2 protein chains.
Amino acid sequence: MSEETGGWQRTTIDEAEAAAHPEHAAAVAGIKALRQSIDNIDSAIIALLAERFKATSQVGVLKASAGFAPEDTKREDYQIERLHRIAVDAGLDPEIAEMYREFVVTEAKKRHARIADAGGDPGVLDIFA
Amino acid sequence: MSEETGGWQRTTIDEAEAAAHPEHAAAVAGIKALRQSIDNIDSAIIALLAERFKATSQVGVLKASAGFAPEDTKREDYQIERLHRIAVDAGLDPEIAEMYREFVVTEAKKRHARIADAGGDPGVLDIFA
């Protein structure tokens, strides 16, 4: 079916699609079930990201109080090696794990710099700090 | 202490730093404890990302078999609204949640296109599919 995918840019996968094309009903039902699992996984990840940024915000306060810089390259090297290993064990493309690491570390460092600029006050990160 | 952070680019936070600057020992110990929690959170997130990409890989196979396009903008609108709401409830900056969503959805769509181009074979995503 790969030939067909070149011809259009998007598909809305829902009951209307299944009703219009009965031959697609099984695929629509399967995708719907998988999407519920994906949504549940996202809920868990968002909760964990909230906890992660609370922890890195506290790190930012401690760094600012001691006058430490936002960047710690030795820590980053450790994280790169560790996340690569965990990803392979979990069956995740390590490239995805590295993109995840870059994303969270970059955002955490930006927030550390903002905390330091505010004299160590995490309140600068607004109510979501 | 914010004035001081402008003068250097990075700090290695470890026992050597604590030994050289006893006044920083408490901050170093606090950061070390927080980093262990951050590592544990990362382990959980990597495991969940592995499961998420397994699920989206299956979605990709079903999409390719039915000739559906990788993109489904209605689904994306739903995810944007949902993740924003969950982030606020969890105390996470919704901007971070949106960056997370863009990251995983972009990568999932790239993989869907590769599966479709391979005629519905998820094996194209190598052993980490």
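Could you work out, residue by residue across A:101-113, how many beta carbons of other chains sit within 10 Å of that residue's beta carbon, and then give the average as an integer?
Details: counts 2, 1, 5, 7, 0, 1, 5, 2, 0, 0, 2, 1, 2.
Mean partner-chain Cβ count within 10 Å for A:101-113: 2.
Cα to Cα, under 24 Å, and not fewer than 8 places away if on the same chain: which lysines meet these conditions relative to residue B:32?
Partners found: A:54, A:63, A:74, A:109, A:110.
Can you list the copy-to-copy distances for residue A:106, using a point 7 angstrom from Cα toward Cβ, in nanometres, shortest first?
Spacings between copies for this position, smallest first, are 0.8 nm.
Which residue fluctuates the most in chain A, going by a Gaussian network model with Cα springs under 10 Å, if the choices are A:66, A:113, A:33?
Sorting by GNM fluctuation, first place goes to A:33.
List, shortest first and in nm to one decimal, how far the label point of residue B:26 (7 Å from Cα along Cα→Cβ) is from its counterparts in the other copies.
Counterpart label points of residue B:26 in the remaining copies fall at 6.7 nm.
Rounding to the nearest 10 and keeping the result within 0 to 90°, find how far the Cα-based axis of helix B:73-90 lies from the longest principal axis of chain B.
Orientation of helix B:73-90: about 30 degrees from the principal axis.
When ligands, DNA and RNA are left out and all protein chains stay put, how many square angstrom of accessible area per residue does the protein assembly as shown have with a 1.4 Å probe? If you can, show how the numbers build up before the last one.
Working: 12100 Å² over 258 residues.
That works out to 47 Å² for each residue.
Where does helix B:94-117 land angle-wise versus the long Cα axis of chain B, in degrees 0 to 90, nearest 10?
So the inclination is approximately 40 degrees.
Give me the summed buried accessible area for the A-B pair, 1.4 Å probe, to the nearest 100 Å².
Numbers: alone 9690 and 9680 Å², together 12100 Å².
Buried surface at the A/B interface: approximately 7300 Å².
Pick from B:67, B:119, B:91: which is most flexible by mean-square fluctuation in a GNM of chain B where alpha carbon atoms under 10 Å apart are linked?
Most flexible of the set in this elastic network: B:91.
Under a plain spin-label model, where a point goes 7 Å from the Cα along Cα-to-Cβ, how far apart in nm are residue A:98 and residue A:10?
With each label point 7 Å from Cα toward Cβ, the separation is 3.1 nm.
Shortest first and in nm with one decimal, please list how far the residue A:43 label point sits from its counterparts in the other copies (point 7 Å along Cα→Cβ).
Result, one decimal in nm: 2.5.
Tally up the carbon and sulfur contribution to the accessible surface of chain A as a whole percent, 1.4 Å probe, everything protein left in place. Don't skip to the answer; put the middle values down first.
Values: 3370 of 6060 Å².
Roughly 56 percent of what the probe reaches on chain A is carbon or sulfur.
What does a probe at residue A:118 reach in the range A:52-77, counting residues whose amide N is under 11 Å from the point 7 Å along Cα→Cβ?
Correct set: A:61.
Any chance you could give the angle, 0 to 90 degrees and rounded to 10, that helix B:25-66 forms with the longest Cα principal axis of chain B?
0
Using the Cα centre as the reference, give the magnitude of the dipole from point charges on the C-beta atoms of chain B (Lys, Arg: +1; Asp, Glu: -1; all else neutral), rounded to the nearest 20 debye.
Working: 15 positive and 23 negative charges, 150 e Å.
The calculation lands at about 720 debye.
Averaged across orientations, what area in nm² does the convex hull of the alpha carbons in the range A:23-63 project? It would help to have the intermediate numbers written out before the result.
Details: hull surface 11.8 nm².
Mean orientational projected area (the range A:23-63, Cα hull): 3.0 nm².
The values are calculated or read from the model by the stated rules, or taken from the named source; none is laboratory data. Everything numeric in this text was worked out from a predicted model, so none of it was measured. For neighbour counting, all protein chains shown are included, and Cβ atoms are generated from backbone atoms with ideal geometry for every residue, glycine included. Each accessible area value is taken on the protein alone, full model and side chains, heavy atoms only, with ligands, DNA and RNA left out. Shrake-Rupley method; radii C 1.70, N 1.55, O 1.52, S 1.80 Å.
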